[in-house]
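Colleague: I have a structure I would like to understand better, so I am pasting it below and will then ask my questions one at a time.
Derivation of every value follows stated rules applied to the coordinates shown; laboratory data play no part. Keep in mind it's a predicted model, so treat the numbers as computed, not measured. Neighbour counts run over all protein chains shown; Cβ positions are idealised from the backbone, glycine included.
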Amino acid sequence: MFHFDNSYARLPDRFYASVYPEPVDGPKLIKFNEALAKELGIELDPSDPDRLAATLAGNVVPQGAMPLAMAYAGHQFGNFVPQLGDGRAILLGEVIDDKGIRRDIQLKGAGPTPFSRRGDGRAALGPVLREYIVSEAMFSLGIPATRALAAVATGEQVFRETVEQGAVFVRVAASHVRVGTFQFFAARGDTDGIRALADYVIDRHYPDLKTDENRYAALLKAVAFRQAELIARWLGVGFVHGVMNTDNMTISGETIDFGPCAFLDEYHQMKVFSSIDHGGRYAYRNQPGIGQWNIARLAECLLPVIDEDQDKAVDVANAVLKEFGERFQAEWIKVFRAKIGLVTDADGDGELVQNLLSVMQQEEADFTLVFRGLADAAEGADERFLAQFADLSKAAEWLSSWRERLARENGADGGRAEKMRAVNPAIIPRNHRIQEAISAANYGDFSFFERLLAALEKPYEEQPEFADYMTPPTLDERVTRTFCGT
Ligand code: AMP
Ligand code: MG
C-alpha cells in the first residue's frame with residue numbers, strides 16, 4: 001500500500017498524459033529496497049515476492065495511483081527537440097516520506113505512452129541494473145541523486161542492438177521536473193504554463209523563495225546554485241554523467257538518468273565513455289560548462305516571468321549565469337581542498353590541486369586510488385599514493401609541495417587522514433564491475449549484482465571482504481565505451 005498524494009496530476013491537463021502501465025508477461029522481482037520503502041511509508045509485504053513484482057512492474061496499479069507521463073522538451077547534444085516527454089516512464093504517484101518530503105514513484109520501462117515516438121516504452125535488464133547500482137552508489141557517497149526502489153524482470157524480450165531481457169526500474173525522485181519541462185512550455189509560447197510550473201517547483205523544492213520579491217529570478221539562481229554544487233560533487237568522485245541534455249537535468253538538483261554514465265578509473269580530464277558522445281561534449285571536465293549552458297536554457301524560459309521588461313530580465317539572467325561560474329569554482333575548490341586534507345584556505349590551493357591532477361593525467365593514475373592513498377600519506381605512509389604513478393619523481397615532488405602547504409595549516413591537522421578518508425571513497429562502482437554484474441545477470445546469476453550493491457553501501461570504508469572492488473581494471477577488463485541502452 002502506498003499513501004499517495006498526487007500533486008502533479010492536479011496541474012493543468014497539458015502538463016502530462018494520463019496513461020496506465022502496460023502489463024508484462026512474467027514479472028519477477030530482482031530487488032526491492034526495503035529500507036527506502038520504509039522511508040517512503042510504503043507498506044508492501046516482502047514475503048510475497050509475486051505480488052510485489054506484479055505491483056512494481058505495473059501489472060497491478062495500487063489504490064490511489066494516478067499514472068501519468070510527463071510532458072517535456074529538451075536540447076539533446078545541443079539540438080532542440082520541442083517534444084520529448086516520458087516515453088517509457090510512468091509516474092505512479094507521489095508519497096510524503098518520513099521527513100515530510102514529497103517524492104515521486106516512477107516506473108521506468110512500464111510500456112508505451114503518447115510520448116514514445118518510435119520507442120517501445122520498455123527498458124532492458126542491463127541499463128536497469130546499471131541505474132540501480134549507480135544511483136544507490138551516489139546516495140551512499142552522499143551525492144544528491146534519484147533512488148532505486150526496485151528492479152523487476154518482465155519475462156519479455158526487448159529488441160535493441162541484440163535481443164535482451166526486459167525489466168522495469170522503480171525510481172524515486174524529489175520530482176521529475178527538468179530544465180526540459182520548462183522548455184516544453186517556452187517552445188509553445190505558453191507563459192501561463194511557465195508560471196504555473198515555476199510556482200509548482202517553488203512550492204515543492206524551494207518553499208523559502210515564496211516570499212521573495214522576484215521569486216522567479218530567485219528560482220533561477222537557486223537551481224543554478226544547486227546544479228553548480230552537484231557538478232562539483234560529481235567531479236570530486238570522478239563521475240561522468242555522459243548525457244547532460246537539458247531533459248536530463250533536474251530542477252531539484254538531484255542527479256538523474258544513469259544511461260551511459262561512468263566513473264573515471266585512470267584520470268583524464270577529457271574522458272568520455274558514451275558511445276554516442278562523438279565530440280566529447282559531455283566529457284568529465286566539460287560538465288560545469290555544460291551545466292551553465294543548460295542553466296542558460298532555463299533562464300531563457302523564465303525571462304517572460306522574471307520581468308515584463310525584457311532587457312531587465314536578461315540582465316538578471318546574465319548575472320545568475322556569471323554567479324553559476326563563481327559558485328562552481330567555489331564549490332570545486334571546497335571539494336578538492338577537503339580531498340587533499342586542507343581545512344584552511346590559502347592562495348594557490350587551486351594550483352596545488354591542478355598540479356596534482358596534471359601529474360595524474362600524465363601518468364594515467366587511478367583517480368580514486370590516488371586520493372585514497374593520499375590519506376595514508378597524511379599519516380606518513382606514501383606507498384599507496386606513489387604506487388599509482390609510473391614515474392615517481394613528479395609525484396614525489398608534488399607530495400613535498402603538498403607537505404609545505406600542510407605545514408601552513410597551523411595545527412589544523414587533527415585527524416586529517418580520517419577526515420580525508422571520509423571524503424575520498426575507497427570503493428566506487430567501477431565500470432568493469434558493473435559490466436560484470438550485468439553480464440552475470442543476463443545469465444540469471446544476480447550474485448555479482450548483489451555483492452556489488454553490498455560493497456557500495458559503505459564506499460568510504462575499507463572493507464577487506466570487498467578488496468577486489470578497489471582495484472582498477474586490468475587492460476583486458478577496461479570498459480572504454482558505455483551505451484544509453486534505449
Ligand atoms: P533518455 O535518453 O533516457 O534521457 O531519453 C530521451 C527520450 O527518449 C525521453 O523522451 C525518453 O522517454 C525517450 N525514450 C528513451 N527510450 C525509450 C523507449 N525505449 N521507448 C520510448 N521512449 C523512449
Ligand atoms: Mg532522460
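Colleague: Dividing the alpha-carbon radius of gyration of the chain by 2.2 N^0.38 Å (N being the number of residues), what value is obtained?
Modeller: In units of the globular-protein estimate, the chain measures up at 0.99.
Colleague: Across segment 337-416, how large is the tail of the calculated P(r) beyond 16 Å, expressed as a percent of all Cα pairs?
Modeller: 45 percent
Colleague: Structure shown: which of LYS339/LYS394; LYS99/LYS334; LYS419/LYS458 lie over 22 Å apart, alpha-carbon to alpha-carbon?
Modeller: Cα-Cα > 22 Å for LYS99/LYS334; rest within.
Colleague: To the nearest Å, what is the center-to-center distance of segment 99-156 and segment 38-54, using C-alpha atoms only?
Modeller: 17 Å
Colleague: Over the chain, what is the relative contact order in percent, taking alpha-carbon pairs closer than 8 angstrom and at least six residues apart?
Modeller: With pairs under 8 Å counted, the relative contact order is 14 percent.
Colleague: So, one more: Which helices, counted as full DSSP H runs in the chain, have an axial Cα extent of no less than 18 Å and a Kyte-Doolittle average of 0.0 or above?
Modeller: 125-141, 215-237, 287-306
Colleague: Using the Cα centre of segment 180-338 as origin and beta-carbon charges of +1 (Lys, Arg) and -1 (Asp, Glu), tell me which of LEU197, ALA283, ALA218 is placed farthest towards the positive end of the dipole.
Modeller: The residue sitting farthest along the positive end of the dipole is ALA283.
Colleague: OK, next. For the chain, with the dipole built from +1 on Lys and Arg beta-carbon atoms and -1 on Asp and Glu ones, taken about the Cα centre, which of LEU129, GLY155, PHE446 lies farthest toward the positive end?
Modeller: Of the listed residues, the answer is GLY155.
Colleague: When the dipole is taken about the Cα centre of the chain, and only Lys, Arg (+1) and Asp, Glu (-1) are charged at their Cβ, what size is it in debye, to the nearest 20?
Modeller: Working: 52 positive and 71 negative charges, 139 e Å.
So the dipole magnitude of the chain works out to roughly 660 debye.
Colleague: Tell me the volume per residue, in Å³, of the convex hull enclosing the alpha carbons of segment 138-263.
Modeller: Taking the convex hull of the Cα positions in segment 138-263, it is 140 Å³ per residue.
Colleague: Here is a follow-up. Considering only C-alpha atoms, what is the centroid distance from segment 446-486 to segment 414-439, in Å?
Modeller: So the separation of the two Cα centres works out to 9 Å.
Colleague: Need one number: % antiparallel among DSSP beta bridges in the chain, to the nearest 5.
Modeller: If I count the DSSP bridges inside the chain, around 95 percent turn out antiparallel.
Colleague: Taking 0.36 nm per residue of separation and subtracting the Cα-Cα distance, what length does fully extending GLN361 through ASP97 add?
Modeller: Fully extending the segment from GLN361 to ASP97 adds 90.7 nm.
Colleague: A further question on this structure: Evaluated at 10 °C with a viscosity of 1.306 mPa s, what Stokes-Einstein diffusion coefficient in µm²/s does segment 180-338 have when Rh comes from the Kirkwood expression over alpha-carbon pairs?
Modeller: Calculated translational D: 98 µm²/s.
Colleague: If r is the Cβ-Cβ distance from GLU450 to ASP476 and R0 is 22 Å, what FRET efficiency results, to the nearest 0.05?
Modeller: Once rounded, the FRET efficiency stands at 0.35.
Colleague: Which shape class, rounded, prolate or oblate, goes with segment 203-290 when its Cα gyration tensor gives a ≥ b ≥ c as root eigenvalues, a/c under 1.5 marks rounded, and past that a/b bigger than b/c marks prolate?
Modeller: Because a/c hits 1.5 or more and a/b exceeds b/c, segment 203-290 counts as prolate.
Colleague: Once a ≥ b ≥ c are taken as the square roots of the eigenvalues of the Cα gyration tensor of segment 8-176, is the result rounded (a/c under 1.5), prolate (a/b larger than b/c) or oblate (a/b not larger than b/c)? Each step should come with its number before you reach the end.
Modeller: On the way: a/c = 1.32, a/b = 1.12, b/c = 1.18.
Rounded, because the longest to shortest axis ratio a/c is under 1.5.
Colleague: Determine, for each peptide in 472-480, 201-209, the mean count of other beta carbons within 10 angstrom over its residues, then list the peptides with the highest first.
Modeller: In descending order of packing, they fall as 201-209, 472-480.
Colleague: For segment 8-176, what does the relative contact order come out to in percent, with C-alpha contacts under 8 Å and a separation of six or more?
Modeller: It comes to 25 percent, rounded to a whole number.
Colleague: Under a Cβ-only charge scheme (Lys and Arg +1, Asp and Glu -1), can you give me the dipole magnitude of segment 363-482 about the Cα centre, in debye to the nearest 20?
Modeller: Values: 15 positive and 23 negative charges, 80 e Å.
The dipole of segment 363-482 has a size of about 380 debye.
Colleague: Next question, about the same structure. How far is the Cα center of segment 364-408 from the Cα center of segment 189-265, in Å?
Modeller: 35 Å
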